[in-house]
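Data first, discussion second: the structure below is written as structure tokens.
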Amino acid sequence: MGPIITQLSETAIKLTGVTKAFAGHVAVNDLSLAIPRGSVFGLLGPNGAGKTTTLRMIMDILGVDAGAIEILGRPADRSTRDRIGYMPEERGLYPRMVVEEQLAFFATLKGVPRSEALRRVGPWLERVGLSAWRKRKLNELSKGMQQKVQFVATVLPDPEILILDEPLSGLDPVAADAMRETLLDLRRQGRTLVLSSHQMETVERLCDSIALIDRGRKLLDGPVREVKARHGKNTVVLAFDGDGAFLAALAGVQRVTDFGRYVEIRLAEGSDPQAILREAAARLRLSRFEIVEPSLHDIFVEEVTSHGVAAA
Amino acid sequence: MRRVYAVARREYLERVRSKAFLISTILGPTLLAGFMIAPILLTRQRGRPLQVAVLDESDALGADVSQSLARRRVAGQPRFVVEAAPEGPIEQARASLQERVVRGNLDGYLFLPKDALQRSAAEYYGRNVSNVMDLGLMDKAVEEALVSRRLSQEGLDPDRIRSLTRGVDLKKVRLTTRGAREDRGGSFILSLVLMMLLYTTLAVWGAAVMNGVIEEKTNRVVEVVVSSLSASRLFAGKLVGVGAAGLTQFVVWAACLAAISAAGAAGTGAVGALPELGPLLLVAFVLFFLLGYFLYGSMYASIGAAVNTTQEAQSLVFPVMMPLILSVVFYPMVLSAPDSRLSVVLSLVPFFAPLLMFLRMTAVSPPIWQVALSMLLMLATIAGITWAAARIYRVGILMYGKRPTFPEIIRWVGRP
């Protein structure tokens, strides 16, 4: 266990006071992050929070206006980005290029010799079930298959760090599960994964630690467990038949978030979940009652509101 | 460098393997051959000889004129088949000839009036009186017969007359530092063809780079690529790769052109000589294409980066195309006075040089320092333009949404 712990304590990516503005609009504002090596890190926030801009700066596609970025202990530059695989949110491959050629091309861009890249193509395509499509042009593949090719293109150069922007978007449930499995596999091999998403619950289960950002600023960060613990076990999950509109008006309820099949009720400090249960049971047909840690979604909303209030 | 090569290789293969490339590479020379040989063949090829009759009212010139006409040859073939006019009164003969011409079994008839010799006048009635070449030939035939007759009336021997009045064959010989060679109008055609070829290929391959950039932007692949190598290297690889494909096609065309002109030169006499495309000119041809390509291609590429669609590019392409179009506008002026001060100055301007300096090289042999200077100036301009274009490219490829204006694009050059 010893070596793993020391490895974990190392930082894969470190941002210090990074700022980036476009034509008067500040996209990323004084952002500092430390992404531990060998972990799965979630960069979470709504659309327009500055996630993609942050990732582009890490990849040296955009320069920083202020601050510094370190990759594996060295300032970010051309050589460090060879060690990072980046899959942008807007996927892109060459439509008229043969799958195999395509994969070899992107690997050579990362400094992998062509012959070596071609050797790696086979096992990876087999793994994602596309062996039969190796010699086909990309535009002959379905959208889902193209997504897989895109992922293979990202991992083929064998990068130490993987940055995946919205890794699960556009995948059907089966493919999404397979993707989660693959990502956990990569993590088991000691790689660092950075997952960026605006759908917090989808990546929440994968992440060891997270950072929540909004409008270019960091709201909070840290290991998921700590973040949740900080926000206390003061959330009730309730599934029921009937009209639950009255729940929000109950004493001791701070906020109700409707997830469709169930609601999450955030309790005010010091209020008793049992009181809620009694009230709900009296008026609804309950099928589930659980006291849980708050979801990241809930924490995010809470943070945004409190910061918003603080800012106002 | 290996990555720039990888980009260039990809660009090259994608283009060279496309059907469009194959077709245009083969079709080009075919069209070229047609374009170069057709005018020459057209001037030679005038169909069957003309069936004409000679109606002689003077009663003295008919035989001479008929013989003179029968002697006219084009490409080794007699041009006129002369038949005797019908016997009988002139008016009757005239009417019958007229009818035959109208009906179409006679091309025309030549009428020699009574005082033809005194007035030096004759009349030709035919279905087609706009064929300048044939009528010129006829004119000359009649003139020769009349002049011979007058001279023989002065007591000269017919053989002596023919030798004394032999026409002048004015040979046009182009003198260059590499020696002299005869020119029968092909030189002009060659200059035009070569220049238009440069114009077309520069426009086509410039647009090819631009569309490649737009395509990469549209299918979003560009962000994946620039996460692995810098935008300026991608730009360089792209420019080189597409350029290599262009060069491949261009060299194939140039080689075909050289072959066509060599064949033309060898076939002197029969097909008519085409000026030979000498090795030096051929090298210059390829060099000017390359320089022009990098100059215009990099500008096209930066436009591609600034826009989202090909349609949006149209209005921005115009300023870039302008010098290329102007070169073609200036071409008659430069060709008519290739060594005038204006021509020299224009051909030194880097944006005009690929077409105009080369044009001058086909027409005269400009001093070597001028050619070298134009190339140097172009290289310097290319260095500046590609630098600026790469900077525009770098900003543009990640920009989506509203199309920037021209001044905005220029401002991108200064961005950190």
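Only the coordinates and a few stated rules stand behind these numbers; no lab work does. Predicted, not measured: the structure shown is a model, and the values here were computed from it. Here Cβ is always computed from backbone atoms with ideal geometry, including for glycine, and neighbour counts include all displayed protein chains.
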Average beta-carbon neighbours from other chains, 10 Å sphere, peptide A:52-65: 2
What longest region of chain B stays clear of trypsin sites (Lys or Arg not before Pro) that DSSP places outside H, G, I, E and B and that have at most 16 other Cβ atoms within 10 Å? B:221-401
FRET efficiency estimate (nearest 0.05) - Cβ-Cβ, A:T11 to A:K135, R0 45 angstrom: 0.60
Distance in nm between label sites at A:E90 and B:K140, each 7 Å beyond Cα in the beta-carbon direction? 7.0 nm
Taking every DSSP beta bridge with both residues inside the protein assembly as shown, roughly what % is antiparallel (nearest 5)? 65 percent
Long-range amide H contacts for A:T11: which residues qualify at under 5 Å (H placed 1.01 Å from N, peptide plane, sequence gap of 5 or more or a different chain)? A:R37
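Grab the Cα-Cα distance for B:S336 and B:E154, subtract it from 0.36 nm times how many residues apart they are, and report the gain in nm with one decimal.
Values: separation 182, 0.36 × 182 = 65.52 nm, distance 4.59 nm.
That pair, B:S336 and B:E154, stretches by 60.9 nm at full extension.
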For the range A:226-262, which chymotrypsin sites (Phe, Trp or Tyr not before Pro) are in a loop by DSSP, counting at most 13 other Cβ atoms within 10 Å? A:F259
List the residue ranges in chain B for DSSP H helices whose C-alpha atoms run 18 angstrom or more along the long axis and whose Kyte-Doolittle average is 0.0 or above. B:19-44, B:132-153, B:186-218, B:231-266, B:279-306, B:310-336, B:368-396
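Calculate how many DSSP beta bridges within chain A are antiparallel, expressed in % of all such bridges and rounded to the nearest 5. Intermediate results must be reported in sequence, preceding the final value.
On the way: 38 of 56 bridges.
Taking every DSSP beta bridge within chain A, about 70 percent pair in antiparallel fashion.
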Among the lysines, which fall within straight-line cross-link reach of B:K19, defined as a Cα-Cα distance under 18 Å, with same-chain neighbours fewer than 8 residues apart omitted? A:K137
From the residues A:L138, A:G67, A:V174, which one has its Cα farthest along the dipole of chain A in the positive direction, the dipole being from +1 and -1 charges on Cβ of Lys/Arg and Asp/Glu about the Cα centre? A:L138
Averaged over peptide B:225-234, how many Cβ atoms belonging to another chain are found within 10 Å of each residue's Cβ? 6
Once you order the gyration tensor axes a ≥ b ≥ c over the Cα atoms, which shape class does the range B:93-249 get: rounded for a/c under 1.5, otherwise prolate or oblate by comparing a/b with b/c? oblate
Can you classify the range B:118-169 as rounded, prolate or oblate using the Cα gyration tensor, where a ≥ b ≥ c are the square roots of its eigenvalues, rounded means a/c under 1.5, and otherwise it's prolate if a/b beats b/c and oblate if not? oblate
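Below 8 Å, C-alpha to C-alpha, sequence gap of six or more: please give me the relative contact order for the range A:233-292 in percent. Mind showing how you got there, number by number?
Working: 99 pairs, mean separation 30.7, N = 60.
Relative contact order of the range A:233-292: 51 percent.
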Which ³J(HN,Hα) values in Hz, rounded to whole numbers, follow from the phi angles of the range A:257-267 under the Karplus curve 6.51 cos²θ - 1.76 cosθ + 1.60, where θ = phi - 60° and Gly and Pro get x? 10, 8, 9, x, 7, 8, 10, 10, 10, 8, 8
Which residues qualify? For A:V28, with a placed amide H closer than 5 Å and at least 5 residues away or on another chain, they are A:K20
Hey, got the Cα dimensions of the range A:233-292 along the principal axes, in Å, largest first? 28, 21, 18
Virtual paramagnetic centre 7 Å along Cα→Cβ of B:M133, amide N under 13 Å, in the range B:66-89: B:73-77, B:79
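From the Cα gyration tensor of chain B, with a ≥ b ≥ c the square roots of its eigenvalues, which class applies: rounded if a/c is under 1.5, or else prolate if a/b is larger than b/c, or else oblate?
Working: a/c = 3.46, a/b = 2.76, b/c = 1.26.
Prolate is the answer for chain B, as a/c is 1.5 or above and a/b outweighs b/c.
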Name the aspartates and glutamates eligible as straight-distance cross-link partners of B:K238: C-alpha to C-alpha under 14 Å, and not fewer than 8 places from it in the same chain. B:E11, B:E14, B:E215, B:E216
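Kindly state, to the nearest 0.05, the FRET efficiency for A:R127 paired with A:V237, given R0 = 45 Å and r defined as their beta-carbon distance. Display every interim value, and only then the final one.
Numbers: r = 37 Å, r/R0 = 0.81.
Efficiency, from the Cβ-Cβ distance: 0.80.
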Looking at chain A, do any whole DSSP H helices span at least 15 angstrom along their long axis by alpha carbon and average 0.0 or above on Kyte-Doolittle, and which? A:99-109, A:296-311
Percent RCO, i.e. relative contact order, over chain B, from Cα pairs under 8 Å lying at least 6 residues apart: 17 percent
Below 21 Å, Cα to Cα, which lysines can B:K171 reach? Residues fewer than 8 away in the same chain don't count. B:K140
State the extension gain, in nm to one decimal, for the chain segment bounded by B:M322 and B:E408, taking 0.36 nm per residue of separation less the distance between their alpha-carbons. 29.0 nm
Given that compact globular proteins tend to follow 2.2 N^0.38 Å, what is the ratio of the alpha-carbon Rg of chain A to that value? 1.13
Principal axis dimensions, the protein assembly as shown - Cα atoms, whole angstrom, descending: 144, 59, 51
From other protein chains only, count the Cβ atoms within 10 Å of every residue's Cβ in B:8-18, then give the mean. 2
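Loop by DSSP (not H, G, I, E, B), at most 14 other beta-carbon atoms within 10 Å: where is the longest site-free stretch of chain B for GluC sites (Glu not before Pro)? Working shown, then result.
Values: sites that count: B:E87, B:E154.
So the longest stretch without any such site is B:155-416.
If the limit is 20 Å between Cα atoms, which of A:K20/A:K51; A:K14/A:K51; A:K51/A:K110; A:K110/A:K135 go over it? Walk me through the numbers before you get to the answer.
Numbers: A:K20/A:K51 12 Å; A:K14/A:K51 15 Å; A:K51/A:K110 23 Å; A:K110/A:K135 22 Å.
Listed pairs above 20 Å: A:K51/A:K110; A:K110/A:K135.
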Once the Cβ-Cβ distance between B:Q67 and B:L373 is put in as r, and R0 is 51 Å, what FRET efficiency do you end up with, to the nearest 0.05? 0.25
Mind ordering A:59-67, B:239-247 by average Cβ neighbours within 10 Å, highest first? B:239-247, A:59-67
Can you list residues whose amide H is under 5 Å from B:V54's amide H, if they're 5+ apart or on another chain and H is modeled 1.01 Å from N? B:E83, B:A85, B:L110
Which loop trypsin sites (Lys or Arg not before Pro) in the range A:209-312, with loop taken from DSSP, have no more than 11 other Cβ atoms within 10 angstrom of their Cβ? A:R261
